[in-house]
Amino acid sequence: MNSAMSALRKLAGQSGLPRTLDLSYPSNRYAVGGALVSMLAARALGGTWREAGSVGIGAFAAWATARELDPDHLETATVALPLAAAAGWLGGPGNPVAGLSALSGLRVLGGTVGPNDAALDSLALTAATALCALSGDRAAALAPAGAAALTPGLSQPWPLALALLPAVTRASGASVPATVLGLGALALSPGLTRSEEVTSKCDQPGYALSAARVQRSRQLAAATLAASVLGGQTRALLPLAAAALSVGLRRLNA
């Protein structure tokens, strides 16, 4: 058992997906506390525990996605969390799997953790693509599938075909607040996707964060949001829309 656990830890350490959440940092405490407050507020305002949990997960996913898209600037994640929480409550939360799958794809493509284990991360991104497609949220499948195709060392375009899998459940659909956030992010996409210097380091010591890869993750985020707006699937990608909008607003004022 101990040897199996050691092997799993070693394998996870080679992946570009897991990130620790060190609560000694105020920003991380804000993310956890904000997500919990969002969940409890949604419950107090009449939502079911399932709905409230989805609001909280969406708020946290928006914060984490903004950290991937804008690693040098904490303020964008700070703004993205309440944006997603409010829009999730007003318009109804989407499928948490879709938002977390988009987060995973952007994390791998941006390379914020460090070098990728090709086999492990390709498998994870393929599974995320399939889960999004099976849930009917095909636009959300573009983020993990696009990451599998575009990430250096992976370069596997075939998971894109899994986005065409037939849905077995009803898609999250669209909501007015999520669509407004998505359209706002797309309106600011020229600034969002423009190249920008990055000074943050990867989580794994000894590896520099690539500005080109962060830019590519922003471009994939914009393309995924465009697909969600055109396909009427904005609710599932509410966390991504809130994150992209907050980054676009910062770049607008830069």
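The values are calculated or read from the model by the stated rules, or taken from the named source; none is laboratory data. Fair warning: this is a prediction, and the values are worked out from it, not measured in the lab. For neighbour counting, all protein chains shown are included, and Cβ atoms are generated from backbone atoms with ideal geometry for every residue, glycine included. For the accessible areas, the whole protein counts, side chains as well, though only heavy atoms, and no ligand, DNA or RNA atoms are used. Shrake-Rupley method; radii C 1.70, N 1.55, O 1.52, S 1.80 Å.
Restricted to segment 162-190, and to residues there that are assigned to a loop (DSSP other than H, G, I, E, B) and of a type in the set (S, T, N, Q), the residue that is most open to solvent (accessible area, probe 1.4 Å) is Thr169. A search for C-beta distances below 8 Å between a residue of segment 61-90 that is part of a loop (DSSP other than H, G, I, E, B) and any residue that is hydroxyl-bearing (Ser, Thr, Tyr), counting only pairs 6+ apart in sequence or on different chains, returns Asp70/Thr76; Asp70/Ser246; Pro71/Thr112; Pro71/Ser200; Asp72/Thr199; Asp72/Ser200. Quick check on my filter: what residues within segment 124-161 are in contact (Cβ under 8 Å) with a residue 24 or more places away in the chain and assigned to a loop (DSSP other than H, G, I, E, B)? Hits for segment 124-161 are Ser135, Gly136, Asp137, Thr151, Pro152, Gly153, Leu154, Gln156.
Filtered by the rule that a residue be open to solvent by 50 Å² or more (accessible area, probe 1.4 Å) and not aromatic (Phe, Trp, Tyr), segment 191-214 gives Arg194, Ser195, Glu197, Thr199, Lys201, Asp203, Pro205, Gly206, Ala208, Ala212.
So, in segment 215-225, of the ones that are of a type outside the set (D, E, K, R) and closer than 21 Å to Ala178 by Cα, which residue ends up most open to solvent (accessible area, probe 1.4 Å)? Only one residue fits best here, namely Gln219. The set of residues in segment 17-60 that are open to solvent by less than 10 Å² (accessible area, probe 1.4 Å) and part of a helix (DSSP H, G or I) comprises Ala31, Ala42, Ala52, Val55, Gly56, Ala59.
Against the test of being open to solvent by 10 Å² or more (accessible area, probe 1.4 Å) and farther than 17 Å from Ser172 by Cβ, the options Leu90, Leu69, Leu150 yield a single qualifying residue, Leu150. Residues in segment 226-254 that are open to solvent by 20 Å² or more (accessible area, probe 1.4 Å) and farther than 24 Å from Gly173 by Cβ: Leu249, Arg250, Arg251, Leu252, Asn253, Ala254.
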